[in-house]
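What follows is one structure encoded as structure tokens, with my remarks underneath.
The values are calculated or read from the model by the stated rules, or taken from the named source; none is laboratory data. Quick caveat: nothing in here was measured; it's all calculated off a predicted structure. Cβ placement follows ideal geometry from the backbone for every residue including glycine, while neighbour counts extend to all protein chains displayed. Side chains are part of the model used for accessible areas, which takes the heavy atoms of the whole protein and leaves out ligands, DNA and RNA. Shrake-Rupley method; radii C 1.70, N 1.55, O 1.52, S 1.80 Å.
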Amino acid sequence: MKPIFKIKIAVDAAMSVSMLLLMAYGLVGEAAHEWIGMGMFALFVAHHILNHRWIQAVPRGRYTPLRVVQTALAGLIFLCMVGSMISGIVLSRHVFAFLPKHGGYELAQQVHILCAYWGFVCMSLHLGFHWSMMLAMARKHLQPSKIRTWVLQIAGYSFAAYGAVTFVRRDVGLYLLLKSHFVFFDYSEPLIAFLLDYLAVMGLFVAVGFLLLHVIKAIELQ
């Protein structure tokens, strides 16, 4: 594996961990949330620098249905990230506390929730579109086995099913539709329990992205 590819995987893995921690805003604390957010933005910039060739190729070539969906998804992630960063600066009480006081706090809070949750969903879908590559890498390092494959598939889809249940139980849909202007936390809940639940929700959308990829490819072959 080339060193640059290892760096890309490390950056993407760090982004996934950061994203989960950012969703646990109420449990990690305001200051930690803001600093993790700054780290996430830095990783996001690094991700785009490492993938600059893909960005340069956006205006060129033929757009198949799959490429349209992938490009649109990347654009939505970019908008969510920028929206999260700008609204986060407005709401900041620690990292950007030196900035002068300003209005628009309520609007910034709504934008921040909307961008955070849609960014979480879109980034998970984006990961799902690249899950085939991750599986191919795993096969290179693991001895092929039908039993192991079945066990991993059952475990993966079971985890995604648990993610669907958690999506409802955690009221994630309310935040995606901005039907609640505040994210509610149980402050007595262990952080690890919250992270595992949101990891399952991420797994749900990774599975959706993975299946959607194959559906689009099947349509293109017709």
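For this structure, a couple of remarks:
- Helix axis angle, 146-169 relative to the chain longest principal axis, alpha carbon, degrees: 30
- Max mean-square fluctuation residue, GNM over the chain, Cα-Cα springs under 10 Å, options VAL151, VAL45, VAL90: VAL151
- Between helix 30-50 and the chain: long-axis angle, C-alpha atoms, 0 to 90°, nearest 10: 40
- Rounded to the nearest 20, the size of the Cβ-charge dipole of the chain about its Cα centre is 1060 debye, with Lys and Arg at +1 and Asp and Glu at -1.
- Given charges at beta-carbon only (K, R positive; D, E negative), |dipole| of the stretch 96-210 in Debye: 520
- Cα lying deepest toward the dipole's positive end in the chain, options GLY26, SER124, ALA136, charges on Cβ: ALA136
- Helix axis angle, 65-91 relative to the chain longest principal axis, alpha carbon, degrees: 20
- The residues neighbouring SER18, those whose beta-carbon lies less than 13 Å from its own, together hold a net charge of -2 under the Lys/Arg +1, Asp/Glu -1 convention.
- When the surface is traced with a 1.4 Å probe over the full set of protein chains, ILE9 keeps roughly 50 Å² accessible.
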